[in-house]
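Notes follow once the structure below has been shown.
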Amino acid sequence: MITDPTLLRIGEAVQINHGGDRETARLRLEEIWEEIGGEQGDPLHRCTLAHAMADAQDDVQQELLWDLRALAAAGLINEDRVAEAGVSLSVAGLYPSLHLNLSECYRKLGDLERAREHLKYAEETVGVLGDDPYGQLIRDGLKKVTELLR
């Protein structure tokens, strides 16, 4: 169970976005981004927030920028930090979704070579995910993007 207050606040903003209020979600996430120190903040917070912020974007270029920030921050996270925050997913479990989102961004931008590259990375890492709703969500996303790239 997530115990980190910043991650919980990011999760609240994600729920607002899923509820259809993208503008409010972006504003909340921007506020948290400033509070955590932006690019100098805790990598777990940066990765999680940037991943969420990408999903709240209307502009694909902005979505890509946030997805790239999330991927860069993921490389700086260690397992101890994830456990300390109460996150049940391993660091390796972050990568399938990050690469899936990048694949979709590049596909939308017409850069099919990069889209396929990130789809390949997502497929190579999806095995770390469990057979649970989250793992199924990512696997379904992989199938969808694979079809779209054919």
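Looking at the square roots a ≥ b ≥ c of the eigenvalues of the Cα gyration tensor of region 1-58, which shape do they give, rounded for a/c under 1.5, prolate if a/b is larger than b/c, or oblate? Oblate is the answer for region 1-58, as a/c is 1.5 or above yet b/c matches or exceeds a/b.
In this structure Glu35 has an accessible area near 110 Å², from a 1.4 Å probe over the protein heavy atoms. The apolar share of the surface of the chain, taken as the fraction of accessible area on carbon and sulfur atoms (1.4 Å probe, ligands and nucleic acids excluded), comes to 52 percent. Rounded to two decimals, the Cα radius of gyration of region 20-91 over 2.2 N^0.38 Å is 1.10.
For region 67-150, the spread of Cα coordinates along the three principal axes comes to 40, 27, 16 Å, biggest extent given first.
Under a Cβ-Cβ cut-off of 13 Å, what is the net charge of the residues other than Ile36 that fall near it, where Lys and Arg count +1 and Asp and Glu count -1? Walk me through the numbers on the way to the answer.
Details: positive: Arg9, Arg28, Arg46, Arg69; negative: Asp4, Glu30, Glu31, Glu34, Glu35, Glu39, Asp42.
Charge balance in the 13 Å sphere: -3.
Count Lys and Arg as plus one, Asp and Glu as minus one, and take only other residues whose Cβ is under 14 Å from that of Ala85; the net charge is then -2. Farthest towards the positive end of the charge dipole of region 5-54, among the residues Gln40, Gly20, Ile10, is the Cα of Gly20, using unit charges on the Cβ of Lys, Arg, Asp and Glu. Could you give log10 I(q)/I(0) at q = 0.13, 0.17, 0.19 Å⁻¹ for region 85-130, computed by the Debye formula over C-alpha point scatterers of equal weight, without solvent? The Cα Debye sum returns log10 ratios of -0.30, -0.47, -0.55.
Assuming R0 = 25 Å, can you tell me the calculated FRET efficiency for the pair Asp132 and Ala83, based on Cβ-Cβ distance, to the nearest 0.05? Write out the running numbers ahead of the final one.
Working: r = 18 Å, r/R0 = 0.74.
Rounded to the nearest 0.05, the efficiency is 0.85.
With kT/(6 pi eta Rh) evaluated at 37 °C and eta = 0.692 mPa s, and Rh the Kirkwood radius from Cα pairs, region 1-141 diffuses with a coefficient of 215 µm²/s according to Stokes-Einstein.
With a sphere of radius 12 Å drawn around the Cβ of Thr146, what net charge do the other residues whose Cβ falls strictly inside it have (Lys, Arg +1; Asp, Glu -1)?
On the way: positive: Arg107, Arg116, Lys120, Arg139, Lys143, Lys144, Arg150; negative: Glu104, Glu123, Asp140, Glu147.
So the surrounding residues net to +3.
Could you tell me how far the Cα centroid of region 106-145 sits from the Cα centroid of region 17-46, in Å? Each part's Cα centre sits 24 Å from the other's.
The values are calculated or read from the model by the stated rules, or taken from the named source; none is laboratory data. What you see is a predicted model; the values in this text were computed from it and never measured. In this analysis, Cβ positions are derived from the backbone assuming ideal geometry, glycine residues included, and neighbour counts consider all displayed protein chains. Ligands, DNA and RNA are excluded from the accessible area calculation, which covers all protein heavy atoms including side chains. Shrake-Rupley method; radii C 1.70, N 1.55, O 1.52, S 1.80 Å.
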